[in-house]
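A short write-up of the structure that comes next.
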Amino acid sequence: MEIKTEILVVCTNDRILQTVIRLLNTNASWKATGALTPEEVLRKCRETAYQVFLIGAGLTDTEEAGLSAAVKQIHPAIHVIPHYGGGSGLLFAEIYLALGTKNQAQ
């Protein structure tokens, strides 16, 4: 059984969040989970060892900075990726780049 890369996505817009999760989960090597609030992010980080933290739209700069620092404190090796749109190709490329893997679907 293949171990999947755990990805936590935060976005305050539920429709956008669900779309991003759906797109990410088309990759058989990834398991994306969503959170709508900073509190939910921190709770989920304490429950699961995520490798990627994807920051979507809706948080203030201050919230993003604080949340990134808190997540890094829980999971020091996590890759924090800000993503505010640009299509699925860019989204996938950002994650592949952070993980250091080839830019191709599994």
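Summary of computed values
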read-out	value
Residue check for L54: in a helix (DSSP H, G or I), at pLDDT 95 or above and not β-branched (V, I, T)	no
T60 vs. criteria under 21 Å from F92 (Cα atoms) and hydroxyl-bearing (S, T, Y)	no
Test for A65: is it surrounded by fewer than 19 Cβ atoms within 10 Å (Cβ to Cβ), of a type in the set (A, V, I, L, M), within 13 Å of the chain's Cα centre (by Cα) and on the phi < 0 side of the Ramachandran plot	no
Residue satisfying all of: in region 6-28; in a loop (DSSP other than H, G, I, E, B) and in contact with a strand residue (DSSP E or B) (Cβ under 8 Å, 6 or more places away or on another chain); surrounded by the fewest Cβ atoms within 10 Å (Cβ to Cβ) among these	N25
Hits in region 75-97 (condition: among the hydrophobic types (A, V, I, L, M, F, W, C) and either surrounded by fewer than 18 Cβ atoms within 10 Å (Cβ to Cβ) or not in a helix (DSSP H, G or I) (or both))	A77, I78, V80, I81, L90, A93, L97
Set K44, K72, K31: member being outside any helix (DSSP H, G or I), on the phi < 0 side of the Ramachandran plot and not acidic (D, E)	K31
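The values are calculated or read from the model by the stated rules, or taken from the named source; none is laboratory data. Values in this document were obtained by computation on a predicted structure and should not be read as measured data. Backbone-built Cβ (ideal geometry, glycine too); neighbour counts: all protein chains shown.
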